[in-house]
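The values are calculated or read from the model by the stated rules, or taken from the named source; none is laboratory data. Worth saying up front: this structure is predicted, and the values here are computed from it rather than measured. Cβ placement follows ideal geometry from the backbone for every residue including glycine, while neighbour counts extend to all protein chains displayed.
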Amino acid sequence: MRIGVFISETWGEASDLEELRDRARQAEALGFASGWVPYLPWSLDALVALQAAGQVTRRIELGSAVIPTYLFHPLALARQAHSIRGDLGDRLTLGVGCSQQVVIETMHGVPFLRPARQVREYVEILRASMQGSGQVAYQGEIFRVEAMFGSPGAAPTPLLVGALGPRMLRVAGEVADGTIATWCDEAAIERVIGPGVREAAVAAGRPDPRVGTVLPVVVSDDLGEARRAVEEHFAIYDQIPRYRRMVELGDAASAAAICAVGNERQVRERVRAFESAGLTDLLAAPFVVGADAAASRQRTLECLASL
């Protein structure tokens, strides 16, 4: 299992470019396999962030988790991704997903229609843009493209799909390179997420897919304080139907219970349980507790890096 870490703040105040660069350097120095950036209403642009991280690192894989497909035309996103690939080379991984209705429709005024179909066609167009043929021709149910398309950085790039249900898992397995799930415990990974994306990949004749999940992690000796903080911060996710459905796929009682909380030994055991469940990529999102946020984050990073 590859262990990666978010290098742009996910749960607190947004990281600026200076902090992101510092965290990217640190992640690489600690030996993490990958560094990830989110796409949030209050965050840096994901691709700008990845380019900035790539300029101060040499080895670590850098990925987005995940860019909303409804907010960018696929050829526009493809051009951005191919352009920064000139800096990152084969370290770039592009994670995309449909997001959710409240973000797309309510916040941005874009119709949230047929998300699984939309993401499938989106990924197929991204794939076509990587061929370097000078044009992209695609006739789908949603997208119809007949365009000149060239980019100096165009080359095959890993594509992961944010998937929370059976239709999107099929998309992730059939046309992408795997999935990034959210709010899934070990049982959900073992019983639903892993089998769903792997069976789809086998049926489509594609290579064994990556199975990733975003996991909040906090290492602390004060378990009472840590659990109270986690429960308070993540209670809102139990009120969001799509996330609540994901929680219910596993054995956890709540979103907060999915988080890896404990001392070093307990967190290591939890991470190994995800590996035993079939996870190939852990996208750790450190959650800080206590008065010294920097020390809290550092302890969590060092624990994860030791694995």
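Of the residues making up segment 2-32, those that are aliphatic (A, V, I, L, M) and touching a strand residue (DSSP E or B) at 6+ places or on another chain (Cβ under 6 Å) are Ile3, Val5, Ile7, Ala24, Ala27.
Number of residues in segment 218-270 that are at pLDDT 95 or above, closer than 21 Å to Met1 by Cβ and buried (at least 21 other Cβ atoms within 10 Å of the Cβ): the value is 8. Find the helices (runs of 4 or more DSSP H) located wholly in segment 226-305 whose residues include 3 or more that are out of contact with any strand residue (DSSP E or B) (no Cβ under 9 Å at 6 or more places or on another chain), and list them. Once the helices (runs of 4 or more DSSP H) in segment 226-305 are filtered for at least 3 residues that are out of contact with any strand residue (DSSP E or B) (no Cβ under 9 Å at 6 or more places or on another chain), what remains is 241-249, 264-276, 293-305. Is it the case that segment 182-191 has a residue that's of a type in the set (A, V, I, L, M), at pLDDT 95 or above, in a strand (DSSP E or B) and out of contact with any Pro (no Cβ under 6 Å at 6 or more places or on another chain)? So far as segment 182-191 goes, no, none of its residues is of a type in the set (A, V, I, L, M), at pLDDT 95 or above, in a strand (DSSP E or B) and out of contact with any Pro (no Cβ under 6 Å at 6 or more places or on another chain). The test for being in a loop (DSSP other than H, G, I, E, B) and farther than 22 Å from Gly165 by Cα does not hold for Phe112.
Between Leu279, Leu301, the distinction of being touching a Pro at 6+ places or on another chain (Cβ under 8 Å), surrounded by 20 or more Cβ atoms within 10 Å (Cβ to Cβ) and in contact (Cβ under 8 Å) with a residue 60 or more places away in the chain belongs to Leu301 only. Arg117 - would you say it is of a type outside the set (A, V, I, L, M) and in contact (Cβ under 8 Å) with a residue 40 or more places away in the chain? It is false that Arg117 is of a type outside the set (A, V, I, L, M) and in contact (Cβ under 8 Å) with a residue 40 or more places away in the chain.
When every residue of segment 150-162 is checked against the conditions, at least one turns out to be modelled with pLDDT under 95, farther than 22 Å from Ser34 by Cα and exposed (fewer than 15 other Cβ atoms within 10 Å of the Cβ). Somewhere in segment 117-129, is a residue assigned to a loop (DSSP other than H, G, I, E, B) and within 19 Å of Ala176 (Cβ to Cβ)? Within segment 117-129 (the criterion being assigned to a loop (DSSP other than H, G, I, E, B) and within 19 Å of Ala176 (Cβ to Cβ)), the answer is no, since none of the residues qualifies.
Counting just the residues of segment 182-197 that are farther than 14 Å from Glu248 by Cβ and of a type outside the set (Val, Ile, Thr), which one comes out surrounded by the fewest Cβ atoms within 10 Å (Cβ to Cβ)? Only one residue tops the list, namely Pro195.
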